[in-house]
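Enquirer: Quick one: structure below, then a few questions.
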Amino acid sequence: MLLFGATLGFLWFMLCRQLSYEWSANEQYSYGWFVPFFAAFLFWLRLEDGEPRRGGYRLFVNGYPEGSEGASLPNNKEPITNNRPLLAAAFLLAALLPIRLFEVANPDWRPLSWMHALVVVGFSLLVLGYWGGKSAVRHFAFPVCFILVAVPWVTPIEGPIVQGLMRLVAAVATETLTLFGIPAQLEGSVIRVSSGLVGVSEACSGVRSLQTSLMIGLLFGELKRLSSGRRVALLAAALTIALLANFGRAFFLVWIAATQNLAAVERWHDLAGNAIVGLVFLGTVAVASGLAKGRSKKDEGRSGEIGDGRLAKVRSKKDEGRSAEAAVARSGLEAPPRLWRRSGHVARFPFLPSSFILLTFSWLLLTEASVSAWYRWHERDFVPTKVWSVKWPENAAGFRELPITENIRSTLRYDHGREAAWRVDSAPNEPPASWTMFFFRWEAGSASILRARAHRPDICLPNTGWRLTSDEGVREYDADGGIVLPFRHFRFVRELAGARSVFADAFFCQREDRVPPGKADRFDATAGRTGNWMRDDRVRVVWQGLRNQGQQVLEMVMIAPNDVGKTEAERDFSELVREVVRKR
């Protein structure tokens, strides 16, 4: 049993480690850190309860429920075993190898997280099915499956819900502000007030409160041992509380922006977000307590004692005499192993075969070793590149920090990031130009090597009204300490009202910490096309054995009222690179 416990613990640890990337990188799923502990606690409570049924425990003979066909002993008195759950469990374990192979290169690919979670949950349920049959699976299914509430939703499902919630919250907040006499205009998911624009993507935490309320509702429904109908009612109440709290938060922050200023919104932003989580928690606890008190006497008789971990001693003397121990004693067979004993009632289960436990443990070790060997073999000749960082020109005219939008943060999943802008000196009577700089850093193993591609100028600027006029290719620029960096140069134009136009020259560089020998100048996204980084390229990086070993992106955009020309733009950028890029 010790080896099997280590095997099962290792299987669950690897799943939680995989999911922890999303829990750390995405505030929306930060509640996931609590879910494994809640799941373990719920499993322990179920173990304390034993196998409940009307009239007390259900007893097992030869691993089958008492009274079932499998519990009756055959004429030859051979124990009955069912190996189908073990065969299905072996199939799931076999699927773990390709899943882990893709996860290492794509730790942020959500479909893989769901596949991994379903494999672990399915394996655990199959083991329980071998031990105690379908009734044991039903009894322990909830705590085993509880981990699924912490698995990130796939983008095709999450995206429409997030966008729909933002538009709904923004519309309700705008109408409410108007009723209170505060002028407000809805522009998509952005509300325009007298002091400026307030994005509901910043004032509303998306589906974070909804997902948290889902977890809290399921948790307290299980702790209170509510019936299925009451659990559904509790979930509906928790989701309603979360939605109303989001409306209140959005209205409050927009009201602060309208009556004070946008800077005041930042001061209240985090406090309002934490207040939602607290309100959902307290409201769900209150509703769960009310539903538990309102249960019928029939519900109390069937589940109240079980919820306290005590047996309902309602068996007749005739039933007590027909125990599983007596049935086994009459058969002349050796009593099967015990899993638990409560108040004289014994539930009996067969242990897993030692060979299966040993093969499972060996397969898990082989899986991790094979995956590591695959990537290490492809990286065997990689060499480190020169380490560099940036020095922000904080003394430049008009230097100011720019907030990175929630959409960019959720897309890039960077470990460190910053954005700033400043003015450029111009000739008298000429409109001023400006520089905007982005710098993002991904530590080794923190995200797919492809994430950094998502913020290229040719992807982002067209989405904000800019039109790409030319791709000037890649040119190398000298920086501090003998560092030479390749930047791809893009040129854009944006038409304004009154037949006026604004021009932009964007320079983009993505660099890896370790690259194949001889490819230091072209082993990044600056020299290639963007590609379908959500599917095809994810498969390609696995085939090529490319995992994130640390990378960073530097992007600088010069915006000017007049077209300065390619040559002058590159000359100005060359001087700027020497100032901001520093050897580390």
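The values are calculated or read from the model by the stated rules, or taken from the named source; none is laboratory data. Just so you know, these numbers come straight off a predicted model, no measurement behind them. Note: ideal-geometry Cβ built from the backbone for every residue, glycine included; neighbour counts use all protein chains shown. Please note that ligands, DNA and RNA were not included when accessible areas were found on the heavy atoms of the full protein model with its side chains. Shrake-Rupley method; radii C 1.70, N 1.55, O 1.52, S 1.80 Å.
Enquirer: Go through the residues of the stretch 421-443 one by one and say whether even a single one is of a type outside the set (A, V, I, L, M, F, W, C), open to solvent by 40 Å² or more (accessible area, probe 1.4 Å), outside any loop (DSSP other than H, G, I, E, B) and in contact with a strand residue (DSSP E or B) (Cβ under 9 Å, 6 or more places away or on another chain).
Expert: yes
Enquirer: Looking at the stretch 418-460, which of the residues that are within 35 Å of the chain's Cα centre (by Cα) and β-branched (Val, Ile, Thr) is modelled with the highest pLDDT?
Expert: This residue is Thr436.
Enquirer: So, Ser135, is that one closer than 18 Å to Leu11 by Cβ and either crowded, with 22+ Cβ neighbours inside 10 Å or at pLDDT below 95 (or both) or not? Walk me through it before giving the result.
Expert: On the way: closer than 18 Å to Leu11 by Cβ: no; either crowded, with 22+ Cβ neighbours inside 10 Å or at pLDDT below 95 (or both): yes.
No: the conditions fail for Ser135.
Enquirer: For Pro393, indicate whether it is open to solvent by 50 Å² or more (accessible area, probe 1.4 Å) and either under 30 Å from Glu103 (Cα atoms) or not in a strand (DSSP E or B) (or both).
Expert: So Pro393 fails the test.
Enquirer: Scan the stretch 485-501 for residues that are closer than 11 Å to Arg467 by Cβ and among the aliphatic types (A, V, I, L, M) and report the count.
Expert: The total comes to 1.
Enquirer: Can you go through Leu15, Leu2, Leu11 and tell me which one is within 28 Å of Arg225 (Cα to Cα) and either crowded, with 20+ Cβ neighbours inside 10 Å or over 10 Å from the mean Cα position of the chain (by Cα) (or both)?
Expert: Just one listed residue meets the conditions, Leu15.
Enquirer: Something else now. Would you please name the residue that is most open to solvent (accessible area, probe 1.4 Å), looking only at residues in the stretch 138-167 that are in contact (Cβ under 8 Å) with a residue 60 or more places away in the chain and of a type in the set (Phe, Trp, Tyr)?
Expert: Going through the qualifying residues, I end up with Phe142.
Enquirer: Something else about it: What is the number of the single condition among (1) at pLDDT 90 or above; (2) over 30 Å from Arg423 (Cα atoms) that Arg547 does not meet?
Expert: Single failed check for Arg547: (1).
Enquirer: Next question, about the same structure. Scan the stretch 486-506 and tell me whether some residue there is modelled with pLDDT of 85 or more, outside any strand (DSSP E or B) and buried (at least 21 other Cβ atoms within 10 Å of the Cβ).
Expert: No, because not a single residue in the stretch 486-506 is modelled with pLDDT of 85 or more, outside any strand (DSSP E or B) and buried (at least 21 other Cβ atoms within 10 Å of the Cβ).
Enquirer: Do you know which of the residues in the stretch 507-535 that are assigned to a strand (DSSP E or B) and in contact with a Ser or Thr (Cβ under 9 Å, 6 or more places away or on another chain) is modelled with the lowest pLDDT?
Expert: Checked the stretch 507-535; the qualifying residue modelled with the lowest pLDDT is Val515.
Enquirer: A further question on this structure: Would the stretch 132-150 turn up any residue that is among the polar types (S, T, N, Q) and under 22 Å from Arg225 (Cα atoms)?
Expert: Among the residues of the stretch 132-150, at least one is among the polar types (S, T, N, Q) and under 22 Å from Arg225 (Cα atoms), which makes the answer yes.
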